[in-house]
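Engineer: Sharing a structure with you now.
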Amino acid sequence: MLNNKIACNEVLRHHISVPAIDFVKNKGRLVSLTDISKSVKPEAVLEALRDAQTYFLKPLAAGKGKGVHRLDFEDGKYVLDRKPVDDQTILNLIDTLDGWLLTHGVQQHPILAEIYAETTNTLRMITVRNQDGDAELLFSVLRVGTAKTVPVDNGSRGGLVAHVDLETGLLSQARTLWSNDEFDVHPDSGTMIQGTVLPNWEQTCKSVLELADSLPYLQFVAWDVLLTEDGPVVIEANTSSGVNIIQVWGPQRSGKLGDFYRQHGVLS
């Protein structure tokens, strides 16, 4: 279920806020989900974008930010991946690519936008089901994009990753998965990362744990969560999370992740 972005969105929306999906294109057929099963022409996306203002185009199957594009309509002009374009460029993109969905953009909390406004900066929150069968928050990081990763924030694409203290929501310095560099401040915006406290952290953790408990058949979920002024929004849910995003903060074999893997026979 989690590997199907459309099915996952449909299930999760009954439990927590998720971005709405307006269009899907698969096997050459472009369908509007606001008018179920109705095939539409690419021009319908342009019209909808003028109202929605921001869409994210995502492949149906790929992960790690691959193939993601951001579409905006700002000040009467179209913008693709934060660069002004004409309407034909958007139409060509929609017409050429296949196997994708369009979700509404969600406005991130001002604290996240202050760190870096050109990407939507999401939390990776990992929950596991412990031996008592209860959902437990195992680990969390904040992913922050840079000028080199626009329009995505993914660490696997070169974005920054800051560890989140589970008790307080306090951010550490940021690191990358591809070097030994550490960043107290964002290299492009100059905004402080280390020491920033994420807003409404206690409620965010409670919401994610309640969500995990509402899906008792899932043992491990890597949630992609966006903080907004109206509360957390789950962008995606993943069946796995690259161990590198955790191991960058030190070995985990002797910690809770190692215990979970031993519980399920992954480690001896």
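Engineer: Could you pull out the residue among Ile126, Ile193 that is farther than 20 Å from Val243 by Cα, in contact with a Phe, Trp or Tyr (Cβ under 7 Å, 6 or more places away or on another chain), surrounded by 15 or more Cβ atoms within 10 Å (Cβ to Cβ) and among the aliphatic types (A, V, I, L, M)?
Structural biologist: Numbers: Ile126 fails: farther than 20 Å from Val243 by Cα.
From the options Ile126, Ile193, the qualifying one is Ile193.
Engineer: Evaluate the following for Val106: is it modelled with pLDDT of 95 or more and assigned to a loop (DSSP other than H, G, I, E, B)? Break it down into steps so the answer makes sense when it comes.
Structural biologist: Details: modelled with pLDDT of 95 or more: yes; assigned to a loop (DSSP other than H, G, I, E, B): yes.
Answer is yes for this residue.
Engineer: While we're looking at this one, here's another question. Could you tell me whether Ser179 is under 23 Å from Glu118 (Cβ atoms), at pLDDT below 95, among the small types (Gly, Ala, Ser) and outside any loop (DSSP other than H, G, I, E, B)?
Structural biologist: Against the criterion (under 23 Å from Glu118 (Cβ atoms), at pLDDT below 95, among the small types (Gly, Ala, Ser) and outside any loop (DSSP other than H, G, I, E, B)), Ser179 does not qualify.
Engineer: Out of everything in the range 114-131 that is part of a loop (DSSP other than H, G, I, E, B) and either within 18 Å of Arg262 (Cβ to Cβ) or basic (Lys, Arg) (or both), what residue ends up being nearest to the chain's Cα centre (by Cα)?
Structural biologist: My answer is Asn130.
Engineer: Something else about it: Just one of Ser214, Ser268, Ser179, Ser254 is over 20 Å from the mean Cα position of the chain (by Cα) and not assigned by TED's automatic domain parsing to the domain that holds Gln131; which is it?
Structural biologist: On the way: Ser214 fails: not assigned by TED's automatic domain parsing to the domain that holds Gln131; Ser179 fails: not assigned by TED's automatic domain parsing to the domain that holds Gln131; Ser254 fails: not assigned by TED's automatic domain parsing to the domain that holds Gln131.
Just one listed residue meets the conditions, Ser268.
Engineer: Does His163 satisfy the condition of being assigned by TED's automatic domain parsing to the domain that holds Ala117 and either in contact with a helix residue (DSSP H, G or I) (Cβ under 6 Å, 6 or more places away or on another chain) or of a type in the set (A, V, I, L, M, F, W, C) (or both)?
Structural biologist: When the stated conditions are applied, His163 does not pass them.
Engineer: Could you give every pair whose Cβ atoms fall below 6 Å, whose first residue belongs to the range 138-151 and is within 14 Å of Arg175 (Cα to Cα), and whose second residue is among the acidic types (Asp, Glu), counting only separations of at least 6 or pairs across chains?
Structural biologist: So the pair list comes out as Arg143/Asp153; Val144/Asp153; Gly145/Asp153; Thr146/Asp188.
For (1) in contact with a helix residue (DSSP H, G or I) (Cβ under 8 Å, 6 or more places away or on another chain); (2) surrounded by 16 or more Cβ atoms within 10 Å (Cβ to Cβ); (3) not polar (S, T, N, Q), each residue gets a yes or a no:
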residue	(1), (2), (3)
Leu138	yes, yes, yes
Glu167	no, no, yes
Ser172	no, yes, no
Asp181	no, no, yes
Asp184	no, no, yes
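Engineer: For the range 210-245, give me the residue count where each residue is modelled with pLDDT under 85 and not in a loop (DSSP other than H, G, I, E, B).
Structural biologist: As a first pass, look at the range 210-245 and keep what is modelled with pLDDT under 85: 240-245.
Applying the additional criterion that residues be not in a loop (DSSP other than H, G, I, E, B) yields 244-245.
The total comes to 2.
Engineer: Taking the condition surrounded by 15 or more Cβ atoms within 10 Å (Cβ to Cβ) and either free of Cβ contacts under 8 Å to residues at least 40 places away in the same chain or of a type in the set (Lys, Arg) (or both), does Asn200 pass?
Structural biologist: Spelling it out, Asn200 is indeed surrounded by 15 or more Cβ atoms within 10 Å (Cβ to Cβ) and either free of Cβ contacts under 8 Å to residues at least 40 places away in the same chain or of a type in the set (Lys, Arg) (or both).
Engineer: Condition first: over 23 Å from Ser207 (Cβ atoms) and basic (Lys, Arg). Now tell me which residues in the range 1-57 satisfy that.
Structural biologist: Within the range 1-57, Lys25, Lys27, Arg29, Lys38, Lys41, Arg50 meet the criteria.
Engineer: If you don't mind, there's one more thing I want to ask. Can you name every residue in the range 94-103 that is assigned to a helix (DSSP H, G or I), surrounded by fewer than 18 Cβ atoms within 10 Å (Cβ to Cβ) and touching a residue at least 24 places away in the same chain (Cβ under 8 Å)?
Structural biologist: Residue satisfying the conditions is Asp95 alone.
Engineer: Just a yes or no: is a residue in the range 247-263 at pLDDT 95 or above and surrounded by fewer than 18 Cβ atoms within 10 Å (Cβ to Cβ)?
Structural biologist: No, the range 247-263 contains no residue that is at pLDDT 95 or above and surrounded by fewer than 18 Cβ atoms within 10 Å (Cβ to Cβ).
The values are calculated or read from the model by the stated rules, or taken from the named source; none is laboratory data. As the structure is a computational prediction, the values presented were derived from the model and not from experiment. Counting neighbours? That spans all protein chains shown, and the Cβs are built from the backbone with ideal geometry, glycine included.
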